[in-house]
Structures are given as C-alpha cells and as structure tokens.
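One structure below.
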Amino acid sequence: MSSRLVLLGSKGGPAIRPGGPWPTSSLLEIGGRSIVIDCGLGVTRGVTDAGLPLKALDLIVITHLHSDHVLELGPLIHTAWTAGLAHPVRVFGPAGTHAYWRGFLQSMAFDIDIRIVDEGRPDLRALVEVVEYSEGEIFSQNGLTLSALRVDHPPVTDCFALRFDHAEGSVVFSADTAYFPPLADFARGADILVHEAMLAEGVDRLVARTGNGARLKEHLLASHTFAEQAGAIAAAAGVGRLVLHHLIPADDHEISEEHWIAATRKSWTGALTIAADGLVVKIADDSSV
C-alpha cells in the first residue's frame, strides 16, 4: 500500500447544506497503518468511498471535541463493528474522549447487547481502547511516531496539532487554530502540512447565513487562521506541500479555488493543494499545483 492522504471531509464547522461538502475528517495511510484523523459528520461514508474496508479500521486520532471533529466517532466504530470489525481499535483523543465514548456506548446499549446475542458478534465495549493524550510524543510503533502540540483555538483549551513521522514521510495537521507561529517549528521539514484556512471575504456572508451575528464572527476571527497566514506558517516551516483544509467557508458559491490560491500565494510559493471531499494527496509527491 503506497502512502497517501485522503481528505474525506473538507469544510470547517458542523453545518451541512445541499450539495455542499462534509465536515472535517481525513484518512492517512502510511507505514502500513490506516489512520482516521477527526470524525466529523460523513466520515463513515468517506472512509468507505476511499476504499478502506470498515472492518479494517485501525487507529483513530481526534484533535479536539468540537462536534465537526468528533460527532461521528461512535457511529464510525459501531458501523465498522456491524461490518465485521473483530480486532482492537485504538482511539487517541484529548481529555473528555473517554466520557464521549462511555456516553455513546450507553446510548447504544440495547443495540449492542442484542447484536452480541442474536448475531454472535464480539462485545464492542471490549474492542475499543480510548487513550487521552496531551502534548508531546503520544504513540510510537513499528517506525511510526505520533506527536502533539497544543494550539490556540479559544475557547477550547485541549486542541492539538498532530505530527506523523515515518520513513515514508512526515505529515502534520494543524487542527483548528488561530494564527500560531510555534506551529512552524512543530511542522519543520514535513512533507505535508495540512492547515486549516479561512477567507476574509466569506466571513460576513457565512455569519449572515448561519446566524449568531457578531458573536459568531468574533469567534471565527479569534479562533481560525486566514489562508495567507497558513501560507506564512508553511513557508517558515519549510514544508514540501501545503494542503488547505477545514475551509471557512467551504460552500460559498462566490468563492472558488482560485480565491484560495490567490490568498495563499501572498505568502507561500511552494506546492499547494486546496481540499475537496475525497481528494487524494500522495505523501511523497513533490509536484507543484
């Protein structure tokens, strides 16, 4: 299996609209591992469409507990279980992930118990190990290392950028964050930096569609990174490719890929990818876009 990154869901925020993209999730296949990063709504269909059998689910990492990153964690694992999952799955998440998983199991107790008896399935509760993490190295096995860096995403304090290092390549995910210069050191020399991005010209229209007015706009401006700022982080880090992900807004018909490219090119001249649902990025591909 060649290493690759699949952008399963590309939009920032939990709302979905007719014909629009799904909230944030990614699939990283590297070092023989299949890793799901974040589990926004639609992740189960996205994983399936990417060609990964659900019963092969292996490792899941959650960057933070906003709903557009964790809402479908339980349903993904449960659906994989109904598709034949019979081996252990590890879930790495910030403080509070244990509580989420316990709550999901409680909500599905009737279904889980009856399927164990009626269909002969293993106990789902015994298959899943949840590990809550903080900063630093959190996983190292068979040449693959996963490290975390706390980023700036107020009011959420437990939000972490992730770095995956393997002989096949290095991939960094910014998670949700305001412009955060220390991220450049964390991402230093990575093959791919997957960074959230926001376009200023779309913020007012997004707020008008969604509601909450000035309060929502205040949150967006305080907690997210403009595309040109993401480009500055990529340039300072010297990464091989910048992938703009968790796009805000991602479903504005007045904003095209060219708008994202133009904003990012103010600070970044290297290889560039603008996320779209289902888009595949090769880890070792150094071609420019």
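Worth pointing out:
- Accessible surface computed residue by residue for the range 198-289, with neighbouring protein chains in place and a 1.4 Å probe, gives 47 Å² per residue.
- Over all pairs of different C-alpha atoms in the chain, the reciprocal of the mean inverse distance, the Kirkwood hydrodynamic radius, equals 19.2 Å.
- Between LEU216 and ARG17, the simple label model (points 7 Å from Cα in the Cβ direction) yields a spacing of 0.9 nm.
- Helix 213-223 axis, angle to the chain major axis (alpha carbon atoms, nearest 10°): 90 degrees
- Each peptide among 58-68, 176-186 gets the average number of other Cβ atoms lying within 10 Å of its residues, and from highest to lowest they stand as 58-68, 176-186.
- Largest to smallest accessible area among ASP251, ASP191 [probe 1.4 Å]: ASP191, ASP251
- Pairwise FRET efficiency - ALA86 versus GLU258, Cβ, R0 = 45 Å, nearest 0.05: 0.45
- Dipole magnitude for the chain: computed about the Cα centre from +1 point charges on Lys and Arg Cβ and -1 point charges on Asp and Glu Cβ, it is near 80 debye.
- What you get for the range 240-289, charging only the Cβ of Lys and Arg (+1) and of Asp and Glu (-1), is a dipole of about 320 debye around the Cα centre.
- Pairs of alpha carbons in the range 103-205 whose separation is greater than 17 Å (percent): 66 percent
- Computed extension gain for GLN106 through ARG188, at 0.36 nm per residue and net of the alpha carbon distance, reaches 25.3 nm.
- Degrees separating the helix 200-210 axis from the principal Cα axis of the chain, which is the longest one: 50 degrees
- Dipole axis of the range 1-80 (+1 Lys, Arg; -1 Asp, Glu on Cβ), positive-most option in SER2, GLY74, LEU59: SER2
- The range 25-132: C-alpha gyration tensor shape, a/c 1.5 cut-off, then a/b vs b/c: oblate
The values are calculated or read from the model by the stated rules, or taken from the named source; none is laboratory data. The shown structure was predicted, so the numbers you read here are calculated from the model rather than taken from an experiment. Glycine also receives a Cβ, built like all others from the backbone with ideal geometry; neighbour counts cover every protein chain displayed. Ligands, DNA and RNA are excluded from the accessible area calculation, which covers all protein heavy atoms including side chains. Shrake-Rupley method; radii C 1.70, N 1.55, O 1.52, S 1.80 Å.
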